[in-house]
Amino acid sequence: MKKWIPNLITMLNLLSGCIAAVYAFKDELILAGIFVALGIFFDFFDGLAARLLKVSSELGTQLDSLADMVTSGVVPGIVMCQLLADATGHSSTLFAVNGDLGWSSATSLFKEITFLGFLITAASGYRLAKFNIDTRQTDSFIGVPTPANAILIISLGIIAQMTTSDFIFGLLSNPYVLILITIISCYLLNAELPLFALKFKTFGWKSNEIRWIFIAICIAMIVILKIYAVPCIIVLYVLMSVFNNLSAVKS
């Protein structure tokens, strides 16, 4: 029976992603974010359970990618569509207004812009497929992992709905800014950019310096910035990885 435990945890990730998608379609992004976070939590522990129980399998690998495709691929695409819908004058419930699409007053161009959000879903699917056949990504990542990208996009949606800052709301209500974020997101998902992993083989300082520094900064940012810290943490992760790569080349 123990060989089924990791797969059951993966299924919880998939179920969390499905629920998150429903809330994202309804533009209830805080609840969508909660279930995405829950799915990512299960995504972390299914692999850990497989290693501890020594029951890793090809089925588990494929199931994990399918679950991630929903939780960390489909949901952030929906969220970006919602942000673009709001930015281009659509109803905030783009996908369900009295049983019809919520864009009756929008121009044809705005309709097409809205669906650019699903480029994130496509790029996530491509990255997950590459990850399954890339033997270089056993101890670190090449390109931003789909869970990290999902956290980034969904946090922007939550901030757009919660912020009291006119400047931040203006940025996240600008379709050009959102399209730029979409393009950068798609690129970073599949870029040949080595990123450090947060997997600790030991908990000592040696060989884990960048991980401990990153965690310490993240805690400080969360305390000070609260929800605004989330996208900053993802950007910090990429920048610290780039700095770490440059340091390694110089040494």
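The values are calculated or read from the model by the stated rules, or taken from the named source; none is laboratory data. Computed from a predicted model, the values in this text were never measured in an experiment. Reconstructed Cβ throughout: ideal geometry from the backbone, glycine too, with neighbour counts over all protein chains shown. When the accessible area is computed, the model is the full protein with side chains, heavy atoms only, and any ligands, DNA or RNA have been set aside. Shrake-Rupley method; radii C 1.70, N 1.55, O 1.52, S 1.80 Å.
General observations
- 2 or more residues among the polar types (S, T, N, Q): qualifying helices (runs of 4 or more DSSP H) within segment 127-200: 146-162, 175-190
- Residue in segment 18-39 that is charged (D, E, K, R), buried (at least 17 other Cβ atoms within 10 Å of the Cβ) and under 14 Å from the mean Cα position of the chain (by Cα) present: no
- Scanning segment 25-51 for residues that are out of contact with any Pro (no Cβ under 9 Å at 6 or more places or on another chain) and either among the aliphatic types (A, V, I, L, M) or under 16 Å from L12 (Cα atoms) (or both) yields L29, I30, L31, A32, G33, I34, F35, A37, L38, F41, F42.
- Out of I227, I234, I153, I213, one residue alone is open to solvent by 40 Å² or more (accessible area, probe 1.4 Å) and touching a residue at least 40 places away in the same chain (Cβ under 8 Å). It is I227.
- Just so you know, in segment 165-210 the residues that are surrounded by fewer than 15 Cβ atoms within 10 Å (Cβ to Cβ) and touching a strand residue (DSSP E or B) at 6+ places or on another chain (Cβ under 7 Å) include one that is nearest to T114 (Cα to Cα), and it is E192.
- Long-range neighbours under 9 Å by Cβ, at least six apart or interchain, first residue over 16 Å from G143 (Cβ atoms) and at pLDDT below 95 within segment 178-200, second open to solvent by 40 Å² or more (accessible area, probe 1.4 Å) and among the polar types (S, T, N, Q): K199/S140
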